[in-house]
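Take a look at the structure below.
Derivation of every value follows stated rules applied to the coordinates shown; laboratory data play no part. Values in this document were obtained by computation on a predicted structure and should not be read as measured data. All Cβ positions, glycine included, derive from the backbone under ideal geometry; neighbour counts span all protein chains shown.
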Amino acid sequence: MQKFAHHIKEYAKFYNVSEIFIAITGDLLNSDRRLDEKLAMSTNRAKATFLGVHLLKHFILDLNSVANISVGCVSGNESRAYELGWVDIVASDNYDFTIFEMLRLLMPDINFITSGGLELVVEVNGHNVLLIHGHQLGNMNNDKIAKVMSKYARNGIILDFMMCGHLHETKITDLFARSSSLVGANSYSENALLLSSRAAQNIYIMKDKERHDIRIDLQHTKGFNGYPINKELSSYNAKSLDKTLKKQTVFKIVI
Ligand SMILES: [Mn+2]
């Protein structure tokens, strides 16, 4: 995230940007309903929620040092608290919504926008942009994208652009873009979906009538130490590389 913020700030300077909209497209937390996920989890959902809030707070403040910030959020499928749902009351029973609302409480000077559900349309510098997680979009081919666009057109909203995530692999086209994941591939995307991918995120520069889409590679983080959350990591008892290496005996008997 810190590396991503570094590159956002570089592009913001290059394009003389004064407003940044952070689009959170869901799945801030992984699910723990499958055995694979249980074995790979670093901590439980409640603790991961707070760690997510701490990390995103640092990220937002970092970007806020160069521009005004708005944040939008939709819910994903993995981050659901209970069941995957399609009505807002079920869709918002989701850790994405929880993390987003905690950030809103923590940061009253930042503009937070959510529909509380699975889709959100935001006008960014004249571009009508749909935020959607992507589990609704199947293989995300052009037919699916056109269907979503026509659904909105029937309600009088002409979408200029759609952005999503979900598949952990970058795809950028003229009217639709998907971000990879900050964590890169996971076992599901790599071994079940057979998608080879790298940690990456996208930046979209919205100019008056044009858009520049940029993929930022985040696979390697050399030179970045990360945001200072060591205190929170230990208080929320997350698994760390250190903890897996250091085995301490409870009682030391010295003779
Ligand atoms: Mn997902």
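Does the stretch 1-64 come out rounded, prolate or oblate, given a ≥ b ≥ c as the square roots of the eigenvalues of its C-alpha gyration tensor, rounded meaning a/c under 1.5 and, failing that, prolate meaning a/b above b/c? It comes out prolate by the Cα gyration axes. Using only Cα atoms, tell me the angle between helix 2-14 and the longest principal axis of the chain; keep it within 0 to 90° and round to the nearest 10. Compared with the principal axis, the helix lies near 30 degrees. For the chain, the relative contact order comes to 18 percent (Cα pairs under 8 Å, sequence separation of at least 6).
Exceedance of the 20 Å cut-off in Cα-Cα distance is limited, within the set LYS9/LYS209; LYS9/LYS57; LYS9/LYS207; LYS13/LYS207, to LYS9/LYS209. For the chain, the longest principal axis of the alpha carbon atoms and the long axis of helix 45-64 meet at an angle near 60°.
Principal-axis analysis of the Cα atoms of the chain puts helix 142-154 at an angle of about 60° to the longest axis. Within the shell of other residues whose beta carbon sits under 14 angstrom from the beta carbon of LYS151, the net charge comes to +1, with Lys and Arg scored +1 and Asp and Glu -1.
Using alpha carbon centroids, what distance separates the stretch 178-223 and the stretch 52-120, in Å? Going from one Cα centre to the other spans 19 Å. Each DSSP beta bridge with both residues in the stretch 2-242 is either parallel or antiparallel, and the antiparallel ones are about 50%. Applying 0.36 nm per residue to the separation of LYS47 and ILE205 and subtracting their alpha-carbon distance, the gain on full extension is 53.4 nm. By its C-alpha gyration tensor, with a ≥ b ≥ c as the square roots of the eigenvalues, how is the stretch 2-242 shaped: rounded for a/c under 1.5, else prolate for a/b larger than b/c, else oblate? Cα axes put the stretch 2-242 in the rounded bin. Treat each spin label as a single point 7 Å out from the Cα along the C-beta direction, and report the SER18 to LYS144 distance in nm. Between SER18 and LYS144, the simple spin-label model gives 3.9 nm.
For the pair ASN125 and SER65, a Förster radius of 25 Å applied to the C-beta separation gives a FRET efficiency near 0.75, rounded to the nearest 0.05.
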